[in-house]
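Reading through the structure tokens given below for one structure.
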Amino acid sequence: MWYKKDGKLIGVLNDYDLSSLATESGPRGYERTGTVPFMAVDLLTKRGQRGEVKHLYRHDLESFIWCFAWISLRYKAGVLRPRGSRPFDDWAILDAVTCGDKKTSLVTHKEVPDGTH
């Protein structure tokens, strides 16, 4: 989203996944919300998928890092890489737990995707 202030465009990121109305009790923070490829690894475990892992602010920070990696590796010299050569494309079609396992493996084994810097 964006708005104008003093003739400049100001970008705003809104995340209403865990929002609630002021007249209702808010979410407990155990709800599984989000887009799987960008979710924190803790939330992509079997326990996380059952709602047994409390959603914490650090999960939001980790989500930002996964978004940054996803976007950064989809482009080369400002041009979208062709389908099949973009790292992590398969994360978008995996179930949550399998995607979490792939992320854990990436971090644990420090695998650098082919064709990246």
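One table, with the values for the structure above:
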{"quantity": "Residue match in region 10-30 (condition: at pLDDT 85 or above and either in contact with a Cys (Cβ under 7 Å, 6 or more places away or on another chain) or in a helix (DSSP H, G or I) (or both))", "calculated": "no"}
{"quantity": "Counted residues, region 46-55 - those being touching a residue at least 40 places away in the same chain (Cβ under 8 Å) and open to solvent by less than 100 Å² (accessible area, probe 1.4 Å)", "calculated": "2"}
{"quantity": "Checklist (1) in a helix (DSSP H, G or I); (2) open to solvent by less than 50 Å² (accessible area, probe 1.4 Å) applied to LYS102, failing item", "calculated": "(2)"}
{"quantity": "Some residue of region 33-50 being at pLDDT below 65 and farther than 20 Å from TRP91 by Cα", "calculated": "no"}
{"quantity": "Scope region 73-88; condition open to solvent by 40 Å² or more (accessible area, probe 1.4 Å) and either touching a Leu at 6+ places or on another chain (Cβ under 7 Å) or closer than 14 Å to PRO37 by Cα (or both); matching residues", "calculated": "ARG74"}
{"quantity": "Residue match in region 56-79 (condition: without any contact (Cβ under 8 Å) to a residue 24 or more places away in the chain, touching a helix residue (DSSP H, G or I) at 6+ places or on another chain (Cβ under 7 Å) and outside any helix (DSSP H, G or I))", "calculated": "no"}
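The values are calculated or read from the model by the stated rules, or taken from the named source; none is laboratory data. Fair warning: this is a prediction, and the values are worked out from it, not measured in the lab. Ideal geometry is used to build each Cβ from the backbone, glycine not excepted, and the neighbour counts take in all protein chains shown. Quick note on the areas: whole protein, heavy atoms, side chains included, nothing else; ligands and nucleic acids left out. Shrake-Rupley method; radii C 1.70, N 1.55, O 1.52, S 1.80 Å.
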